[in-house]
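Undergrad: I am attaching a structure below and will ask some questions about it afterwards.
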Amino acid sequence: MKSLRSNFAGQFYPNQAHQLSELINRFLSIPIQKNLHPRAILVPHAGYVYSGQTAAYGYKELWGEAYHTAIVLGPSHQVYSSVLAVPDADSYETPLGVLPFNQSIYQTLVSKRVAEVSSTPHLQEHSLEVQFPFLQIVSPSIQIVPISVGSLDMASLRKAGEAIASLLSPEIILIISTDLSHYHTLALAESIDKRTVNAILAMESLPLIQASQTKDMECCGLYPILLAFEIFKHFEKKPTATSLYYDTSATASFDDQHVVGYVSIAFS
């Protein structure tokens with residue numbers, strides 16, 4: 001078995017299994033009534049001290065559900081890419097153990113040339129990795145398909161969306177990884193993030209693209225979000241988007257001058 005190992009354990013989250021599981025379970029102890037059975041969730045990807053509680057609102061919706069696979073879509077922060085890339089591996093190892101890949105979906109994406117096999121965008125990419133320990137806690141037997149989403153044009157996004165949608169079922173959860181605005185004052189961050197969240201809830205690509213270009217909205221996971229929108233077009237009915245929780249880094253850092261925004265959204 002060829003496994004990728006965590007690069008950010010000890011940085012973005014604890015590198016000791018007991019500390020990591022205790023932290024995630026504490027995040028998940030939020031007193032909410034879960035009832036959405038989402039087909040997809042959008043969650044942040046910063047260090048757990050900043051965004052872990054926000055992410056937990058999304059992952060709480062997966063608790064006790066019968067998902068057997070999570071397809072995880074994340075942006076590439078360190079490496080420029082214009083493709084969908086899956087790593088040259090068959091599992092991912094975190095401090096909580098080994099997460100196997102769903103080989104059927106993995107091989108189908110590669111054989112249909114929807115995704116390319118390349119570990120390069122994955123090796124130093126936190127946007128995907130920080131999702132895996134949460135998945136291991138809420139669904140211990142789950143398999144994953146980690147996909148690094150590059151800067152694709154709309155034709156490529158439509159093609160990929162159709163192909164991925166054809167592989168989905170109610171037992172497969174789609175995870176969309178993104179943070180919101182970066183390094184503004186708290187007031188400005190909250191203003192920008194409100195517009196961005198409303199655009200994501202509307203699930204319309206063009207306004208989000210245009211506003212991202214003019215900086216009226218900000219999200220580092222723009223292309224994973226756009227790909228998800230294309231996938232949603234092939235659902236039997238358009239999903240209902242529900243904003244679960246919003247927060248900023250200022251809550252943990254007490255720095256209200258260089259703020260990053262986070263949100264969890266369920267699509268059911």
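The values are calculated or read from the model by the stated rules, or taken from the named source; none is laboratory data. Predicted model, so just to flag it, every value in this text is computed and none were measured. Cβ coordinates were reconstructed from backbone atoms using ideal geometry, including for glycine residues, and neighbour counts include every protein chain displayed. Remember, those area values only see protein heavy atoms, side chains included, never the ligands or the DNA or RNA. Shrake-Rupley method; radii C 1.70, N 1.55, O 1.52, S 1.80 Å.
Undergrad: Output the relative contact order of the stretch 115-268, whole-number percent, from Cα pairs under 8 angstrom with separation of 6+ residues.
TA: Relative CO of the stretch 115-268 lands at 27 percent.
Undergrad: Using a Förster distance of 41 Å, how high is the FRET efficiency between PHE254 and VAL110, based on the Cβ-Cβ distance and rounded to 0.05? Let's see the in-between values first.
TA: Details: r = 46 Å, r/R0 = 1.12.
Efficiency, from the Cβ-Cβ distance: 0.35.
Undergrad: Could you provide, to the nearest whole Å², the per residue accessible area of the stretch 105-194 with probe 1.4 Å? Numbers along the way, then the final one.
TA: On the way: 3430 Å² over 90 residues.
Dividing the accessible area of the stretch 105-194 by its residue count gives 38 Å².
Undergrad: As an exercise, use a Förster radius of 30 Å and the Cβ-Cβ distance of THR242 and ASP153 to find the FRET efficiency, rounded to the nearest 0.05.
TA: Efficiency computed from Cβ-Cβ geometry: 0.50.
Undergrad: So what is the relative contact order for the chain, in percent, with contacts set as C-alpha pairs under 8 Å and at least six apart?
TA: Values: 565 pairs, mean separation 74.3, N = 268.
28 percent.
Undergrad: Shifting gears a bit: With a Förster radius of 30 Å, plug the Cβ-Cβ distance of ARG5 and TRP63 into 1/(1 + (r/R0)^6) and report the FRET value to the nearest 0.05.
TA: It comes out at approximately 0.65.
Undergrad: With a cut-off of 8 Å between alpha carbons and a minimum separation of six or more residues, what is the relative contact order of the stretch 1-91 in percent?
TA: 40
Undergrad: Roll a 1.4 angstrom probe over the protein heavy atoms and tell me the percent of accessible area of the chain that is carbon or sulfur.
TA: Looking at the chain in its full context, I get 50 percent from C and S.
Undergrad: Can you pull the accessible area of ILE137 for me, 1.4 Å probe, Å² to the nearest 10?
TA: 30
Undergrad: Pick from LEU135, LEU20, LEU36: which residue has the top mean-square fluctuation in a GNM of the chain where Cα pairs under 10 Å get a spring?
TA: LEU36
Undergrad: Still on this model: Around TYR50, under 11 Å between beta carbons, what's the net of Lys plus Arg minus Asp minus Glu among the other residues?
TA: -3
Undergrad: Then there's this: Which label belongs to the value computed from this structure, given these candidates for Rg/Rh (Cα atoms, Kirkwood Rh): (1) 1.02; (2) 0.93; (3) 1.04?
TA: (2)
Undergrad: What net charge do the residues around SER268 carry, taking every other residue with its C-beta under 12 Å from that of SER268, with Lys and Arg at +1 and Asp and Glu at -1?
TA: Details: positive: LYS34, ARG39, LYS237, LYS238; negative: GLU61, GLU65.
Combined, the nearby Lys, Arg, Asp and Glu give +2.
Undergrad: Using just the helices of the chain, give the 222 nm mean residue ellipticity in deg cm²/dmol: DSSP H runs with n ≥ 4 each add -39,500 (n - 2.57), and the total is spread over all residues, rounded to 500.
TA: -11000 deg cm²/dmol
Undergrad: Taking the Cβ of PHE8 as the centre, find all other residues whose Cβ is under 14 Å away and add up their charges (Lys, Arg: +1; Asp, Glu: -1). Numbers along the way, then the final one.
TA: On the way: positive: ARG5; negative: GLU93, GLU125, GLU129.
Here the count lands on -2.
Undergrad: Okay, moving on. Beyond 32 Å between alpha-carbons counts as too far, so tell me which of LYS215/LYS238; LYS2/LYS215; LYS112/LYS237 fall in that bin.
TA: Numbers: LYS215/LYS238 27 Å; LYS2/LYS215 41 Å; LYS112/LYS237 26 Å.
Over 32 Å apart, Cα to Cα: LYS2/LYS215.
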